[in-house]
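Step one of this worksheet: look at the structure below.
The values are calculated or read from the model by the stated rules, or taken from the named source; none is laboratory data. Here the structure is a predicted model, which means the values were calculated and not measured. For the accessible areas, the whole protein counts, side chains as well, though only heavy atoms, and no ligand, DNA or RNA atoms are used. Shrake-Rupley method; radii C 1.70, N 1.55, O 1.52, S 1.80 Å.
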Amino acid sequence: MSQKVLLTSKEMNIILHRLACQLIENHNTFENSVIIGIQPRGVFLANRIYKILKEEYGISAVKMGQLDITFYRDDFRRSDKPLEANKTHIDFVVEDKRVIFIDDVLYTGRSIRAALTAVQSFGRPSEIELLTLIDRRFSRHLPIQPDYNGRQVDAINEEKVKVNWKENEGEDEVYLISNV
């Protein structure tokens, strides 16, 4: 097994600030916009973006939630091991809001499809956008594309993109892992 560094900690930090600035350009004060991290790994990215918006750019109106999509996935019954659901924490109404889904890696698009279904339990958004750190182009099963994207990666199906977060793995880095 080999691994290649796709993004260093410094590069990730630059990308996170760029993504936050792009959100500000399109959502201004966030008075009618909310960000929702998709459990489990999108929450790390959502927390970082949320912190940058609040602390570094003074956007006080931004609201953030966490959405569990475990039982909305079309493949959840295909696992041999019991599923462990994550927590959904959305303490605001999404009705008529501009929702920004945040996930770390966009691969097949199935997680985002599940999130589109799951969020309907909290109201009907006026608009939904997608922000991802890594977009694995050429691997989509569904016609889903990010509105905001940190980096595009061309990875073949046997390769895996692994995003490490300081809060979870002790480092901020993105790797391309190959079993060859």
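Tell me, what % of the accessible area of the chain is carbon and sulfur with a 1.4 angstrom probe?
Numbers: 4580 of 9740 Å².
Reported share for carbon and sulfur atoms: 47 percent.
Largest GNM mean-square fluctuation across 40, 143, 125, computed for the chain with C-alpha springs under 10 Å, falls on 143. Taking all C-alpha pairs of region 54-180, those more than 17 Å from each other amount to 67 percent.
With a Cα cut-off of under 29 Å and a minimum spacing of 8 residues unless on different chains, the lysine pairs in region 27-165 number 17. Computed 3J(HN,Hα) for region 60-65, one whole-Hz value per residue from the Karplus formula 6.51 cos²θ - 1.76 cosθ + 1.60 where θ = phi - 60°, is 7, 7, 5, 10, 10, x, glycine and proline marked x. Could you tell me what percent of the DSSP beta bridges with both partners in the chain are antiparallel, to the nearest 5? The antiparallel fraction comes to roughly 30 percent.
Distant-in-sequence amide contacts of residue 34, defined by a placed amide H-H separation under 5 Å and a gap of 5 or more residues or a different chain, comprise 98, 99, 100. Phi angles across region 97-107 convert, under the Karplus curve 6.51 cos²θ - 1.76 cosθ + 1.60 with θ = phi - 60°, into 3J(HN,Hα) values of 9, 8, 9, 10, 6, 10, 9, 6, 10, 9, 10 Hz, Gly and Pro given as x. Residues in the chain average 54 Å² of solvent-accessible surface per residue, probe 1.4 Å, ligands and nucleic acids excluded.
When shorter helices are ignored and each DSSP H run of at least 4 residues is given -39500 (n - 2.57), the per-residue value for the chain at 222 nm works out to -7000 deg cm²/dmol. Between 69, 144, 134, the residue with the greatest mean-square fluctuation in the GNM of the chain (Cα pairs under 10 Å linked by springs) is 144.
Cα centroid separation, region 14-65 to region 145-180: 20 Å.
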